[in-house]
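The values are calculated or read from the model by the stated rules, or taken from the named source; none is laboratory data. All values reported here derive from a predicted model rather than from experimental measurement. Neighbour counts run over all protein chains shown; Cβ positions are idealised from the backbone, glycine included. Accessible surface areas use protein heavy atoms only, side chains included; no ligands, DNA or RNA. Shrake-Rupley method; radii C 1.70, N 1.55, O 1.52, S 1.80 Å.
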Amino acid sequence: VEAILDSTERLSGLVDKVLDLTQSDAGQLPLERKPVDVAVMLQDVARDHRPAAHAKQIDFAVELDPAIGSVQGDAKRLRQVFDHLLDNSLAYTPEGGRILLHGEGDRAQAVIIVSDNGPGMNMAEQTAALDRFGRISESRSGESALGLGLPLAKQFVEAHGGSLTLVSEPGQGTLVRIELPR
């Protein structure tokens, strides 16, 4: 019964992601724009991911400059962006690795960086990771998987007028930079 419930939850999450991508493609993604305290949101995200990092003995560093401030945006969608990014970092960073969640800002924008010292990706893998139809070579279970988290995160950031940049090198880890306008 537990296995069935787990599978049902995963399938439900996948359906939600596909619906979000479809709405975003159609320009109909509902965004509730309100002031979002980015530091508070990131602290909440980090708190929720600490147990998984601890279980893998990952050094999880959080550096938030007070200048990160607030942005106008949909708190739920922005939270999903950072949940996806940290889920990916935790999935691919080896035991004993390091993940950094860094935030800073200026008058024009908030900048958030999620980086890890995981296996990294070559250019073809980076392209596939950002393509909703791309197949990720190895998921947490070791099987080929359709990764919707990064494409969805990119679309959510772009729906807020921001940008998501992925930088990765095989053997050097991965860095994702998010820029959100004020």
**Asked** Which ³J(HN,Hα) values in Hz, rounded to whole numbers, follow from the phi angles of region 57-65 under the Karplus curve 6.51 cos²θ - 1.76 cosθ + 1.60, where θ = phi - 60° and Gly and Pro get x?
**Response** 6, 8, 6, 10, 9, 10, 10, 10, 6
**Fill in**
Here region 152-163 yields Karplus 3J(HN,Hα) values (6.51, -1.76, 1.60; θ = phi - 60°; whole Hz; Gly and Pro given as x) of 5, 4, 4, 5, 5, 5, 5, 5, 8, x, x, 9
**Request:** Using the charge dipole of region 27-66 (Lys, Arg: +1 at Cβ; Asp, Glu: -1 at Cβ; taken about the Cα centre), state which of H54, P35, L64 has its Cα farthest towards the positive end.
**Result:** H54
**Item:** Backbone HN-Hα couplings from phi across region 164-171 [Karplus 6.51/-1.76/1.60, Hz, Gly and Pro as x]
**Value:** 10, 10, 10, 10, 8, 9, x, x
**Request:** Scan around G69 for amide H atoms under 5 Å from its own, H built in the peptide plane at 1.01 Å from N, and keep only partners 5 or more places away or cross-chain.
**Result:** A39
**Asked** Quick one: how many Å² of S70 are accessible to a 1.4 Å probe, rounded to 10?
**Response** 60 Å²
**Prompt:** In square angstrom, rounded to the nearest 10, how much accessible surface does T8 have for a 1.4 Å probe?
**Reply:** 80 Å²
**Fill in**
Pseudo-spin-label distance V1 to A124, built 7 Å along Cα→Cβ, given in nm, is 4.7 nm
